[in-house]
Amino acid sequence: GKVKVFNPTITARKNLSPPPLLGQHTKEILKEFLSERSLGARPQVIVYSLLQTLNAKTRCFADVRSGKATVPDKSAGRLADIECLNGTGRVKVGFAITDSLRKVKAEEEIKKAIDRQLNKLIILAHEIRDEAEIRRLVEKARDKLDVVVENVINFVEFITTLFDDRLREEFIVEVAKNFERFGYMDHLKDWISILKKHLSPDEDMPASQ
């Protein structure tokens, strides 16, 4: 059977200080956590968890779906890394998530989205290069596809500022649960460790004997 070293939900929910602190430390937590390359796994799980948390509250979409970052969308039967579906099962918004975005990667993602007849594509990356060329690609595609390109940290930080304390806590827990769900145990352990470092008073306080 499956052996769990620890319960990520309990660890994320109970071993940290009150969730309001997340609002103050979101950018620092994400910067540290996403600074390690992960073939897109870390930013994809972060954004997927964010959208799940948001959708549970707002019901903007009928469903939000994703899979392992290392499995190609086509072979997984997906139109994008993360799909936000409407009531008829069509993809309303597709998300392409990557560690680093350059012109070639942006061109590839835009072409795929047009070929798959998506209406809206949001490309999120930890690092964005070739910004001028990417802007031109977005403009060129405007008649066929609505494209937004944004830094993943800025995107997540903006959405979490709209969350209340309970939703911020649910977001923390959802990230942990999804890392476990997709079998990313090393990423999960790093997520818990970085959260504790930034949110636990005991971790932040210097030792005084």
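Numbers at a glance
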{"read-out": "Separation of alpha-carbon centers, region 138-172 and region 86-116, rounded to whole Å", "value": "14"}
{"read-out": "Cut-off under 5 Å, modelled amide H: who pairs with SER200 long-range", "value": "SER17"}
{"read-out": "Fully extended contour minus Cα-Cα distance, from ARG102 to ILE114, at 0.36 nm per residue", "value": "2.5 nm"}
{"read-out": "Under the Karplus curve 6.51 cos²θ - 1.76 cosθ + 1.60, θ = phi - 60°, whole-Hz ³J(HN,Hα) for region 125-140, x wherever Gly or Pro sits", "value": "9, 6, 10, 10, 10, 6, 4, 5, 5, 5, 4, 5, 5, 5, 4, 4"}
{"read-out": "Environment charge at ILE123 (Cβ cut-off 10 Å; Lys +1, Arg +1, Asp -1, Glu -1)", "value": "-2"}
{"read-out": "Sites matching trypsin sites (Lys or Arg not before Pro) across region 51-155 that sit in DSSP coil, with at most 10 neighbouring C-beta atoms within 10 Å", "value": "ARG59, LYS74, ARG142"}
{"read-out": "log₁₀ of I(q)/I(0) at q = 0.15 Å⁻¹ - region 108-209, Debye sum with one point per alpha carbon", "value": "-0.87"}
{"read-out": "Residues ASP186 and PHE158, FRET efficiency given R0 of 35 Å [Cβ-Cβ distance, rounded to 0.05]", "value": "0.80"}
{"read-out": "For LYS92, distant residues with modelled amide H under 5 Å away", "value": "CYS84, LEU85, ASN86"}
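Readers should treat all values here as calculations from the given coordinates under stated rules, not as data from a laboratory. Quantities reported herein were computed from a predicted structural model and do not represent experimental measurements. Cβ: placed from backbone, ideal geometry, glycine included. Neighbour counts: every protein chain shown.
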